[in-house]
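Worksheet for the structure shown next.
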Amino acid sequence: MMLFASVLMGMAVFTLVWGIHLLLRRETTALLIPLEPTPQGREQPRRAAASRWEKWIEHLAITRQLETQLEYARISMRSGEWLLLWMGITAGSFLLGWLISRTLLGAVGLAFMGFLAPKWWLSRRIHKRRQMFQDQLTDVLRLITNALQAGHGLLQALHIVAEEMPPPAGEEFGRVVAEVGLGYSLVEALHHLAERIENDDLDMVVTAVEVQSEVGGSLAEILETVSRTIEDRIRLKGEIRTLTAQQRMSGYVISGMPFVLAVILTLLNPQYMMKLFTPGWRWLPALGVAMIVLGNVFIQRMMRIDV
């Protein structure tokens, strides 16, 4: 068992260090679509040197969605590299749990936390970037409307947005301009943007542009109307969030109270609390934590109102 743990620790440390090295080595500010096509027959040195394991992992079905998530989160790693790093963190967490607790339950529990941590971090990064884009959308529409009223075309207006707006809006619309330069139509490039962002307000904007390109009309007036609608929705969401703040805070307090009481009882009477972790009763704290987390999730879901 110790030999297996030693081998697993070596593999975990190697994979973790290698993944961090790749993450720090790459530049995260470059656009993901090249402005000039890569000449045929010439591969990037790092892709040519990729291992067979990494290439095999990149052919898995899960990597297609993962590539899109990494791309939008601006993490300059391929899906195979991310999965190897993910497996390394999980294996390292398992080994750390085994070395600390010397029990299979503790090792599996810490490995489960190590398995969820990268996915949670990636989801939070994507959510934060989408929220930043949502906050910038009204300013983007206002800038496009002003450019159209000044006599510019829509593509020129998007180019102005790419130059004037900070990330992520500037980067994403810069990518739209780059895709048009590579041969996509403007509507197709905007649809690609909507697929990456997954924002209802942006879908409304893309639909308005597509309808205007087919039936005609003043795009500036249409976008101005859409911008007012989006501003009203944002204001309504803020009011709903304010009204439900007390209920959401109550959920956090109720969920955290058992842990606070457990810490206080442990400090006052450690022998009494340690009886819960004796063989035969260890499943009870785990079940309690799972039920607390599940209850908090239900409370937060009940307080979520779609507008």
Check your understanding: What is the magnitude of the charge dipole of segment 104-178 about its Cα centre, with +1 placed on the Cβ of each Lys and Arg, -1 on the Cβ of each Asp and Glu, and no other charges, expressed in debye to the nearest 20?
Key -> 420 debye
Exercise for review: Would you be so kind as to identify which of M204, S218, I234 lies farthest towards the positive end of the dipole of segment 185-282, taking Lys and Arg as +1 and Asp and Glu as -1 on Cβ and the Cα centre as origin?
Suggested key: I234
**Study point:** Loop-located chymotrypsin sites (Phe, Trp or Tyr not before Pro) in segment 264-307, at most 14 other Cβ atoms within 10 Å (DSSP)
**Key:** W281
**Study point:** Calculated from backbone phi, Karplus (6.51, -1.76, 1.60) coupling profile of segment 90-104 in Hz, x at Gly/Pro
**Key:** 5, 5, x, 5, 4, 5, 5, x, 5, 5, 7, 9, 6, 10, 5
Revision key, fill the gap. Those trypsin sites (Lys or Arg not before Pro) from segment 89-162 that are DSSP loop and have at most 11 other Cβ neighbours within 10 Å turn out to be R102
Review point. With a ≥ b ≥ c the root eigenvalues of the C-alpha gyration tensor of segment 181-261, is it rounded (a/c under 1.5), prolate (a/b larger than b/c) or oblate?
Key: oblate
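Readers should treat all values here as calculations from the given coordinates under stated rules, not as data from a laboratory. All of these numbers come straight from a predicted model, not from anything done at the bench. FYI the Cβ positions are ideal-geometry reconstructions off the backbone, even for glycines, and counts take in every protein chain you see.
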